[in-house]
Ligand SMILES: Nc1ncnc2c1ncn2[C@@H]1O[C@H](COP(=O)(O)OP(=O)(O)OP(=O)(O)O)[C@@H](O)[C@H]1O
Ligand SMILES: [Mg+2]
């Protein structure tokens, strides 16, 4: 069998256990897709020892989809009676409908369920799917098909990537939803089915404001029996990818490093031994058993804020107006949180009413305090574990790297600055800067630095040398 056929195997090259089954791409670039709970990101990489815009291409998926942040593609769907809306168009449509539509977001967290098959087979909540026809699995598949389409079209628009658009091997970043790697095989299969749906609906996706249900239902049905090759070559743990984005391009990192990546749905932690991370091609030595995933992250903060807003909104007296308020404000909470934590207050509007949320009230809220305490307890526990290992190998310093959108939250940065391990030998805990120096190169574009904490996972995922069982 020729190599070409090998590459065109009927399904993605990840078997149970996440083991890469094929690795002979005929292409120069590879792309890592970070299907995020809040926003999806992707980056291309063509092996080279330094990160220049000629070899590292963070893909502007948001710009391609007409979103407001060039590198961030909203992970959102809106299902109305006639069709499904995708990404930024779904958010725009939800805004137009005010409190009448329940925007579907954070569907990536369906993959975190204990019984994955059962969770994926569940019907979507009725308020988000007025047709009562789609399952959790369908929602993920429809979005992944759209995401693959945007990725390939963004590659097509880049002169260096255009020749390989649609052929480049792909990787995806994942949290540790459960022990073992069975879920990465499930996700690879979802990408295969999504690739089929994308091919089927290719002529509709270029203007993906919405796609009629009848087409989606047919494509979903067929994809189940005839998945295409989703080009997935490997899967990488998100915190590992975040580390690779930072340390692949530094000359030497002498100390053990703890990585804390807080996204919208999960917070992922891991640690690497000193000296292991050196260049794009050097292998990184992860400290055994340091990986952790918590299902507590920025979405929990948004939920706390939303509950506080609804409690404050005395003008919303009956359950119908409270529901409208909930649907109308829930898509706005991510941006509202970003303002609240920098400005210490945020103002929200609903049907002519104004609601002001102040940071001091949030800080005193019992559920917010419990959230902070839980995050800090997990962080401390991981820091203690890494410190003991580091001290036993003779180190006196630990580096901390924060990544993900949550790393911008002031209380997360304070936690990293303040928390010290008990191991007497560890005298220094140094918090690395969230954005590495090379990212400030203007050739990456001015929005790149702002989105770097969120982009780090896609970048590192593309750059990292992934061990066979990653
Ligand atoms: N400057 C900021 N201040 C506060 N929060 C921010 C800021 N920038 C981004 N965020 C929050 O970060 C979250 C998104 O982060 P990120 O893109 O890393 O998550 P994700 O990859 O979608 O989620 P996950 O990795 O859990 O699947 C959102 O809740 C967003 O509001
Ligand atoms: Mg993420």
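Looking only at the range 149-157, decide whether some residue is surrounded by fewer than 21 Cβ atoms within 10 Å (Cβ to Cβ) and free of Cβ contacts under 8 Å to residues at least 12 places away in the same chain.
yes
So residue 178 fits all but one of (1) within 16 Å of ligand 1 (Cβ to nearest atom); (2) at pLDDT below 95; (3) surrounded by 15 or more Cβ atoms within 10 Å (Cβ to Cβ); what number is the exception?
With respect to (1) within 16 Å of ligand 1 (Cβ to nearest atom); (2) at pLDDT below 95; (3) surrounded by 15 or more Cβ atoms within 10 Å (Cβ to Cβ), residue 178 is out only on (3).
Select, from 234, 264, the only residue that is away from ligand 2 (no atom under 16 Å from the Cβ), crowded, with 23+ Cβ neighbours inside 10 Å and modelled with pLDDT of 85 or more.
Values: 264 fails: away from ligand 2 (no atom under 16 Å from the Cβ).
Going through 234, 264 in turn, just one is away from ligand 2 (no atom under 16 Å from the Cβ), crowded, with 23+ Cβ neighbours inside 10 Å and modelled with pLDDT of 85 or more: 234.
Looking at (1) within 27 Å of residue 173 (Cβ to Cβ); (2) touching a helix residue (DSSP H, G or I) at 6+ places or on another chain (Cβ under 7 Å); (3) at pLDDT below 95, find the lone condition where residue 99 falls short.
Here residue 99 meets the rest and fails (1).
Sort out which residues of the range 359-380 are over 14 Å from residue 267 (Cα atoms) and in contact (Cβ under 8 Å) with a residue 60 or more places away in the chain, and write them in order of number.
Matches in the range 359-380: 365, 367, 368.
Please go through the range 427-438 and give me each residue that is away from ligand 2 (no atom under 16 Å from the Cβ) and touching a strand residue (DSSP E or B) at 6+ places or on another chain (Cβ under 6 Å), ordered by number. Break it down into steps so the answer makes sense when it comes.
Step one: filter the range 427-438 for residues away from ligand 2 (no atom under 16 Å from the Cβ), giving 427-433, 435-438.
Correct list: 428, 429, 430, 431, 432.
This table checks each residue for (1) more than 18 Å from residue 209 (Cα to Cα); (2) assigned by TED's automatic domain parsing to the domain that holds residue 58; (3) not in a loop (DSSP other than H, G, I, E, B).
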residue	(1), (2), (3)
95	no, yes, yes
109	yes, yes, yes
126	yes, yes, no
129	no, yes, no
150	no, yes, yes
153	no, yes, yes
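Have a look at 257, 211, 203 and point out the one that is within 30 Å of residue 334 (Cα to Cα), surrounded by fewer than 24 Cβ atoms within 10 Å (Cβ to Cβ) and more than 16 Å from ligand 2 (Cβ to nearest atom). Full working, then the answer.
Working: 257 fails: surrounded by fewer than 24 Cβ atoms within 10 Å (Cβ to Cβ); 203 fails: within 30 Å of residue 334 (Cα to Cα).
Within the list 257, 211, 203, the selection yields 211.
Please note which strands (runs of 3 or more DSSP E) are completely contained in the range 44-88 and include at least 2 residues that are under 19 Å from residue 34 (Cα atoms) and in contact (Cβ under 8 Å) with a residue 24 or more places away in the chain. Explain how you work it out, then say what you get.
On the way: elements: 56-58, 76-79, 83-86.
Answer list for the range 44-88: 56-58, 76-79.
Suppose we filter 220, 201 for residues that are touching a helix residue (DSSP H, G or I) at 6+ places or on another chain (Cβ under 9 Å) and at pLDDT 95 or above; which single one remains?
On the way: 201 fails: at pLDDT 95 or above.
Step by step, each of 220, 201 is checked, and only 220 is touching a helix residue (DSSP H, G or I) at 6+ places or on another chain (Cβ under 9 Å) and at pLDDT 95 or above.
To keep it simple, each residue is scored yes or no on (1) over 26 Å from the mean Cα position of the chain (by Cα); (2) buried (at least 17 other Cβ atoms within 10 Å of the Cβ); (3) within 16 Å of ligand 2 (Cβ to nearest atom).
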position	(1), (2), (3)
294	no, yes, yes
326	no, yes, no
329	no, yes, no
356	yes, no, no
362	no, yes, no
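Among (1) within 19 Å of residue 302 (Cβ to Cβ); (2) buried (at least 21 other Cβ atoms within 10 Å of the Cβ), where does residue 373 come up short?
Every listed condition holds for residue 373 apart from (2).
So if I check each of 458, 462, 424, which one is away from ligand 2 (no atom under 16 Å from the Cβ), more than 30 Å from residue 364 (Cα to Cα) and not in a strand (DSSP E or B)? Before you say what the answer is, go through the steps one by one.
Working: 458 fails: away from ligand 2 (no atom under 16 Å from the Cβ); 462 fails: away from ligand 2 (no atom under 16 Å from the Cβ).
Going through 458, 462, 424 in turn, the sole match is 424.
Report yes if some residue within the range 52-63 is surrounded by fewer than 22 Cβ atoms within 10 Å (Cβ to Cβ) and either modelled with pLDDT under 85 or in contact with a strand residue (DSSP E or B) (Cβ under 6 Å, 6 or more places away or on another chain) (or both); otherwise report no. Explain how you work it out, then say what you get.
Here is the first cut: in the range 52-63, the ones surrounded by fewer than 22 Cβ atoms within 10 Å (Cβ to Cβ) are 52-55, 63.
From what's left, either modelled with pLDDT under 85 or in contact with a strand residue (DSSP E or B) (Cβ under 6 Å, 6 or more places away or on another chain) (or both): 55.
There is at least one residue in the range 52-63 that is surrounded by fewer than 22 Cβ atoms within 10 Å (Cβ to Cβ) and either modelled with pLDDT under 85 or in contact with a strand residue (DSSP E or B) (Cβ under 6 Å, 6 or more places away or on another chain) (or both).
Would you mention how many residues in the range 287-320 are in contact (Cβ under 8 Å) with a residue 60 or more places away in the chain, farther than 24 Å from residue 74 by Cα and not in a strand (DSSP E or B)? Quick ask: steps written out before the conclusion?
Residues of the range 287-320 in contact (Cβ under 8 Å) with a residue 60 or more places away in the chain: 287, 289-301, 304, 307.
Adding the requirement that they be farther than 24 Å from residue 74 by Cα leaves 287, 289-292.
From what is left, the residues that are not in a strand (DSSP E or B) are 287, 289-291.
Summing the residues that are in contact (Cβ under 8 Å) with a residue 60 or more places away in the chain, farther than 24 Å from residue 74 by Cα and not in a strand (DSSP E or B) in the range 287-320 gives 4.
Do you know which of the residues in the range 435-455 that are modelled with pLDDT of 90 or more and in a loop (DSSP other than H, G, I, E, B) is farthest from residue 415 (Cα to Cα)?
Let us first name the residues in the range 435-455 that are modelled with pLDDT of 90 or more, namely 435-444, 447-455.
Next, only the ones that are in a loop (DSSP other than H, G, I, E, B) stay: 435-436, 441.
Values: 435: 18, 436: 20, 441: 29 Å.
Per the stated criteria, the residue is 441.
Would you mention how many residues in the range 26-45 are away from ligand 2 (no atom under 12 Å from the Cβ) and more than 17 Å from residue 157 (Cβ to Cβ)?
Count: 5.
Looking at (1) surrounded by fewer than 18 Cβ atoms within 10 Å (Cβ to Cβ); (2) in contact (Cβ under 8 Å) with a residue 12 or more places away in the chain, find the lone condition where residue 96 falls short.
It is condition (2) that residue 96 fails.
For the range 388-413, give me the residue count where each residue is touching a residue at least 40 places away in the same chain (Cβ under 8 Å), part of a loop (DSSP other than H, G, I, E, B) and in contact with a strand residue (DSSP E or B) (Cβ under 9 Å, 6 or more places away or on another chain).
2
The values are calculated or read from the model by the stated rules, or taken from the named source; none is laboratory data. Keep in mind that what you see is a predicted model, and the values were worked out from it rather than measured. Cβ sites come from the backbone with ideal geometry, for glycine too, and all protein chains shown count toward neighbours.
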